[in-house]
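A short worksheet on the structure shown next.
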Amino acid sequence: LDPRALNLPQGRPLGSDAKLQNQTLCLNAVTAVGCGVQGLSPRQLVDAPSHQQGTLQLVWNLTRSALLGPIKTSKMPQLNGLCLVGEDPAVLAKYRPEQVLLRWVNHHIRGYLEASPEQAAVPRTFRVTNLHADLADGLALAIVLHQVLPHRSAAWDAACAALGASSTSERAEGVLEAARLGGVEMFEPQAGDLTAPRPRMLLAFVAAIFHTHPGLVEQPAAPKAAKARRALRSNPSQAREE
């Protein structure tokens with residue numbers, strides 16, 4: 001969206017026609033990037049207080065796109081480190097961002113259990129199957145923060161304290177404190193948002209942790225992929241068809 005195309009207030013509030021033109025441009029832009037809301041019109045956005053559901057859905061679509069859009073192996077090669085033993089990276093490349101985040105959470109849970117054979121508080125088979133209800137008790141989030149935050153830092157100490165918390169609410173508070181100390185942009189969640197659970201808030205929170213502290217090792221480029229790129233460069237006709 002080119003801001004030069006927008007109507008800007010020149011010392012006085014915009015008129016209704018100018019507002020409608022701005023909202024039309026905005027809706028066209030969000031639709032172009034796949035974040036549109038079916039049935040939401042520019043006139044409804046001008047009168048947003050009377051159409052809160054559609055307006056909030058639009059804001060969530062944009063938020064989700066910004067958070068989850070970069071989570072793909074083509075943009076983040078280190079995600080290939082989430083592949084299981086013997087798994088073809090092409091399988092992970094087909095995953096939706098939410099599925100990648102779920103794999104990422106379980107990757108760090110598995111790493112924690114393998115590195116801490118002496119602990120007895122977390123079952124050896126502990127895994128999560130979703131990014132809402134399974135995170136409500138804060139245990140998985142505490143483990144992830146324990147794994148990705150810099151060790152021996154104040155944030156890591158807070159994550160360790162959250163792991164040892166005696167109640168769900170206390171653990172949720174500890175998780176939020178560890179994330180805050182670790183520099184995670186948290187969308188101002190409260191402990192109750194995690195324990196309720198609120199699915200969208202939890203998804204945004206997990207994505208924020210991922211972007212701030214992925215805890216993944218950079219993966220080398222796949223030899224086959226590099227060879228294929230060289231072959232395409234040497235064959236212009238094939239490159240055009242590709």
Got a sec to turn the phi values of segment 206-211 into Karplus ³J(HN,Hα) couplings, 6.51 cos²θ - 1.76 cosθ + 1.60 with θ = phi - 60°, whole Hz, x for Gly and Pro? 4, 4, 5, 4, 4, 5
Quote the FRET efficiency, to the nearest 0.05, computed for Val85 versus Glu218 with a Förster distance R0 of 22 Å and r equal to the Cβ-Cβ distance. 0.70
3J(HN,Hα) from dihedral phi, segment 100-113, Karplus parametrisation 6.51/-1.76/1.60, rounded to Hz, x for glycine, proline: 5, 4, 4, 4, 5, 4, 5, 4, 6, 5, 4, x, 5, 5
Relative contact order, percent, segment 88-202 [alpha-carbon distance under 8 Å, six or more residues apart]: 23
Heavy-atom accessible area per residue of the chain, all protein chains kept, 1.4 Å probe, expressed in Å², is 59
If each of Asn7 and Lys75 carries a label point 7 Å out from its Cα toward its Cβ, how far apart are those two points in nm? 3.3
Determine the principal axes of the Cα atoms in the chain, then give the extent along each, sorted from largest to smallest and rounded to whole angstroms. 68, 58, 30
Cα-based Rg / Dmax (Å) for segment 63-167: 14.7, 42
Out of the total accessible area of segment 39-162 (probe 1.4 Å, heavy atoms of protein only), what percent is carbon and sulfur? 56
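The values are calculated or read from the model by the stated rules, or taken from the named source; none is laboratory data. These figures come from a predicted structure and were not determined experimentally. Don't worry about glycine lacking a Cβ; one is built from the backbone with ideal geometry, like all the others, and counts go over all protein chains shown. Keep in mind that these areas ignore ligands, DNA and RNA; they rest on the heavy atoms of the full protein, side chains included. Shrake-Rupley method; radii C 1.70, N 1.55, O 1.52, S 1.80 Å.
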